[in-house]
Each structure stands twice: as C-alpha cells, then as structure tokens.
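Asks: Mind looking over this structure? Questions follow.
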Amino acid sequence: MTAIDSTKAQPFASALSQWTRTGPTKLQPTIPGNGSSPAGDQVTLSAQAKGLMAGGLEAIPAKGGPTEFAITGLPPANSDPTDDYFAKMQKYFEDLNNFTKKTLGLGDRAGVTGVGLTGDIINVMKKAAAKAGIVEPEMPASIKAMKEEREARSASEPEKEPGPGMKGTSLITLYMPEDQGGGQVELWLDNKALDKLTDLSAQNVKSSLVDLMKGDGKAAAANAAIDNGIFGKAFAENAAWHPEFRTPKARMAYFDPSAEPGESPLFMIQSKNQAGYVSQHAGDLAANLINLLKAAKD
C-alpha cells in the first residue's frame, strides 16, 4: 500500500522508485525546490529531483497524510535510457492526474487543489486508467538492476509495516485551498467491500447515503461502529498526525442494505473543515467512486 499525491513533485519522484513504505507521515508532502506549485496540476522533474531520487533520500513528512515513503533504487540521470524513462513517467503521472480528477468529477470543480490516493484504490485507479489507454512505462533493465542492487544493500534495514487499519482501508483525499477553509475532504473505503461496491448502482448509492452527524441513536451507533472497526483502527494509527480523522464536522456514509444496526459502513465521506462541501458534493462523489470501481472491473 502506498500513496500518490497527483499534484506534488515529491510523490511523483517516489512513484518512480515504486513507493516503498517506511512508516506514518502526513498528507501533503514536501515539494523539492524545482518551482512546482502545491496547487498546480503539472509535475516537473528537475535535475535536483533526479539527484534526490538517485541519493535514496527519505521523504520528509509534511502536513497531510497517513504514510511515509522512502526514495530508493534510482540511478542518476546520466544516460539516455534513464532520461527517456523519467520523461515517460512524468507524462504518465500527468495523464494519471488528469484521469483521476476527471473520473472523480473534479476536472472543472473550483476549490479542490489536489487529490491524494492511499491504499488499494491506487491500483484500482491505475487499472481503470490503463483501460483508457494510460499505461505505466516499463522500467528499463539498467534501472531495474540498480534498484535491485540498492534494495539488496538496504535489506538489513527492515521497513516499518503499516498497521491493520491502513492495510484494510483506502483513502482518497481532496485537498482544499486555505482561502476556502483549508483542510481536506476524505473518502474512506473498506478494502473488503470494494468488490461489493463495484456491483452496485451508482445512483442507488448516491441516494442511499446516511448523514451520521444527525445525532440520533442510529447515527450514534454507526459512529461507534466506525470508531471500533477497521476505520477506527486507521484513525488510531494516524492519531499523532491526524486527530481530525476522529472528529469530522460532516460524515456521509453508505451501508450494506443487509447490514445489522451498528455495523460499519462500506465507505464514507467526511471532513472537519469542509462540512459544506461534503453536504453539497457527497452524492456526486459517491456516484463517481462507484463508476471508477466499475471502470477498473475485469
């Protein structure tokens, strides 16, 4: 499980090295000094960024997300095959970024400055993109060999494994601009429910969202189930970085129609800073999420 932030240069660099996990971090990664804007849609890879990748430096945590990744196994950009690969990967992630925004219905929506993906939903997005003709370039043999050699040398330093909460969930994060309240909107999914969600009607899911901030007995029982279930485990694993995961001001959820009272939802959309955005757009986000899952289905 890894994270992609589709508008940030550092995750793009991490992507080139296959996103190896090293432990918890925050959502908005640090941007290398290459002129990239945190709010921009384009990703550029400067000589400095290539040098960072070549050095195997660890990503520095910055405000925002549940996992941290080290940059490993990439050679310096001193040969044509390497430069060609970097250029192709840059184009791939630019296309994947645009595909992600379009698929989630965010292409023309003001107020969302970036999208982050964590967990199994990454492979879902990449699979759907591949079916639309956006295919990840193959890593050249020379880079594979150097990557494997570097990984072999670092085998004595075991990576910190994610906890069961982050292993069992996926997260889509919509970053919001400071002048509109900042923070993020979070789409949390139970990975075990992905196949079931894929077979559902997008419109039925959209019309069946439950407002869990109403304060009635059913909402209280559902929120307790969230805190005590797989989502609550993910929140606990990230409590030091994201206490807001447990204290949203808006939370809309979809439950299995056959679920017993007090069971956790299959997915939910929540935010502490953007309650109005959730109230206005949760239905469309839910429908687009289901359509994404369907687009990736074999």
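Asks: Could you go through region 168-182 and let me know if any residue there is touching a residue at least 40 places away in the same chain (Cβ under 8 Å), touching a strand residue (DSSP E or B) at 6+ places or on another chain (Cβ under 8 Å) and assigned to a helix (DSSP H, G or I).
Replies: No, region 168-182 contains no residue that is touching a residue at least 40 places away in the same chain (Cβ under 8 Å), touching a strand residue (DSSP E or B) at 6+ places or on another chain (Cβ under 8 Å) and assigned to a helix (DSSP H, G or I).
Asks: Any idea how many residues of region 189-225 are in contact with a helix residue (DSSP H, G or I) (Cβ under 6 Å, 6 or more places away or on another chain) and either in a helix (DSSP H, G or I) or modelled with pLDDT under 95 (or both)?
Replies: 5
Asks: All but one of (1) in contact (Cβ under 8 Å) with a residue 12 or more places away in the chain; (2) farther than 23 Å from Pro162 by Cα; (3) not in a helix (DSSP H, G or I) hold for Ser258; state the number of the condition that does not hold.
Replies: Of the numbered conditions (1) in contact (Cβ under 8 Å) with a residue 12 or more places away in the chain; (2) farther than 23 Å from Pro162 by Cα; (3) not in a helix (DSSP H, G or I), the odd one out for Ser258 is (1).
Asks: Cβ contacts < 7 Å: first residue closer than 16 Å to Tyr85 by Cβ and surrounded by 12 or more Cβ atoms within 10 Å (Cβ to Cβ), restricted to region 143-154; second residue modelled with pLDDT of 85 or more and of a type in the set (Phe, Trp, Tyr), any location; separation 6+ or different chain. Result?
Replies: Within 7 Å, the pairs are Ile143/Tyr85.
Asks: Continuing with this model, one more query. Which count do you get for residues in region 124-142 that are under 25 Å from Lys297 (Cβ atoms) and either in contact (Cβ under 8 Å) with a residue 40 or more places away in the chain or crowded, with 17+ Cβ neighbours inside 10 Å (or both)?
Replies: Of the residues in that region, 12 qualify.
Asks: Pick from Gly182, Gly168: which is in contact with a helix residue (DSSP H, G or I) (Cβ under 6 Å, 6 or more places away or on another chain), surrounded by fewer than 21 Cβ atoms within 10 Å (Cβ to Cβ) and under 30 Å from Ala202 (Cβ atoms)?
Replies: Answer to the selection: Gly168.
Asks: Could you please find all residues in region 173-198 being of a type in the set (Asp, Glu) and within 17 Å of the chain's Cα centre (by Cα)?
Replies: Passing the criteria: Glu186, Asp190.
Asks: Which of the residues spanning region 232-279 are over 22 Å from Leu106 (Cβ atoms) and among the polar types (S, T, N, Q)?
Replies: Asn238, Thr247, Ser258, Ser264 - these are the residues of region 232-279 that are over 22 Å from Leu106 (Cβ atoms) and among the polar types (S, T, N, Q).
Asks: Taking Glu136, is it of a type outside the set (Phe, Trp, Tyr) and under 21 Å from the mean Cα position of the chain (by Cα)?
Replies: So Glu136 passes the test.
Asks: Quick test of your reading of the structure: Asp256 fulfils all but one of (1) buried (at least 17 other Cβ atoms within 10 Å of the Cβ); (2) within 21 Å of Gln203 (Cα to Cα). Name the failing condition by number.
Replies: (1)
Asks: If I ask for residues that are part of a helix (DSSP H, G or I) and touching a residue at least 60 places away in the same chain (Cβ under 8 Å), which ones from region 226-239 would you list?
Replies: Ile230, Phe231, Gly232, Lys233, Ala234, Phe235, Ala236, Glu237
Asks: Could you go through region 236-251 and let me know if any residue there is among the hydrophobic types (A, V, I, L, M, F, W, C) and farther than 20 Å from Gly183 by Cα.
Replies: No, the conditions are met nowhere in region 236-251.
Asks: Output the qualifying pairs, or none if there are none: Cβ atoms under 6 angstrom, residues six or more apart or on different chains, first residue in region 272-287 and in the same structural domain as Val205 (by TED's automatic domain parsing), second residue in a helix (DSSP H, G or I).
Replies: From residues that are in the same structural domain as Val205 (by TED's automatic domain parsing), the pairs are Lys272/Glu244; Gly283/Lys206; Ala286/Val205; Ala286/Lys206; Ala287/Ala202; Ala287/Lys206.
Asks: Determine whether region 114-122 contains at least one residue that is at pLDDT 90 or above, more than 15 Å from the chain's Cα centre (by Cα), farther than 27 Å from Gly276 by Cβ and among the β-branched types (Val, Ile, Thr).
Replies: No, the conditions are met nowhere in region 114-122.
Asks: Would you confirm whether or not region 165-182 contains a residue that is at positive phi and either in contact with a His (Cβ under 8 Å, 6 or more places away or on another chain) or in the same structural domain as Gly229 (by TED's automatic domain parsing) (or both)?
Replies: Yes; the residues of region 165-182 include at least one that is at positive phi and either in contact with a His (Cβ under 8 Å, 6 or more places away or on another chain) or in the same structural domain as Gly229 (by TED's automatic domain parsing) (or both).
Asks: With a cut-off of at least 3 residues that are more than 27 Å from Ala236 (Cα to Cα) and aliphatic (A, V, I, L, M), name the helices (runs of 4 or more DSSP H) lying wholly within region 88-167.
Replies: Helices (runs of 4 or more DSSP H) meeting the threshold: 121-131, 141-153.
The values are calculated or read from the model by the stated rules, or taken from the named source; none is laboratory data. All figures in this text were calculated on a predicted structure; none of them were measured in a lab. Note that each Cβ is placed from the backbone with ideal geometry, even for glycine, and that neighbours are counted across all protein chains shown.
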